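**Q** Quick one: the structure is below, questions incoming.
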Amino acid sequence: MTDSDIADILTSVKTIALVGASDNPARASHGVMAYLLEQGYQVFPVNPTLAGQEILGQKVFGSLVEIPVKVDMVDVFRRSEAVYDLAQEAIAIDAKVLWMQLGVINEQAAVLAKNVGMRVVMDRCPKIEIPRLGLAK
């Protein structure tokens, strides 16, 4: 994935499902969610344990299929082995991008997603990529 590919993704995406969202401010997923909201993205936290509650003022959903609007990107804060099932869910909701956070790598999930036309980013963080690519608002 080239810098221009990542920049294209980050400038075209408007809605993001953040899987593994945490209500703990010390967790990376919480900080990334706050940053994405600051950057103007519509972020839907996904965490079955916290479903129905709020994180950063946003309602938490138990799964991707529960989100009531079309999601452009699924941003994954989960263990690598959980990503294949999430890729299947992302396909089911017709997301355009599967983004795996730093340290999250699942080649089988990437192949599955790419085979249906999804764009895939692995082992990167949008909170790092946005300012690095000069896209910060």
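The values are calculated or read from the model by the stated rules, or taken from the named source; none is laboratory data. Bear in mind the structure is a predicted one, so any value in this text is a computation, not a measurement. FYI the Cβ positions are ideal-geometry reconstructions off the backbone, even for glycines, and counts take in every protein chain you see. Just so you know, the surface numbers come from the protein's heavy atoms only, side chains and all, with ligands and any DNA or RNA stripped out. Shrake-Rupley method; radii C 1.70, N 1.55, O 1.52, S 1.80 Å.
**Q** Just to check your reading of the model, which residue among Ser22, Ser29 is touching a Phe, Trp or Tyr at 6+ places or on another chain (Cβ under 6 Å), at pLDDT 95 or above and outside any strand (DSSP E or B)?
**A** Ser29
**Q** To continue, here is another question. Touching a residue at least 40 places away in the same chain (Cβ under 8 Å) and closer than 15 Å to Ala95 by Cα: is that true of Val19 in this structure?
**A** Answer is yes for this residue.
**Q** Sticking with this structure for a sec: Say we look at region 28-37 and pick out the residues that are open to solvent by 20 Å² or more (accessible area, probe 1.4 Å) and touching a residue at least 40 places away in the same chain (Cβ under 8 Å); which of these is nearest to Ala95 (Cα to Cα)?
**A** That would be Tyr35.
**Q** List the number of the failed condition for Lys137; all other conditions in (1) more than 11 Å from Ser80 (Cα to Cα); (2) modelled with pLDDT of 95 or more hold.
**A** (2)
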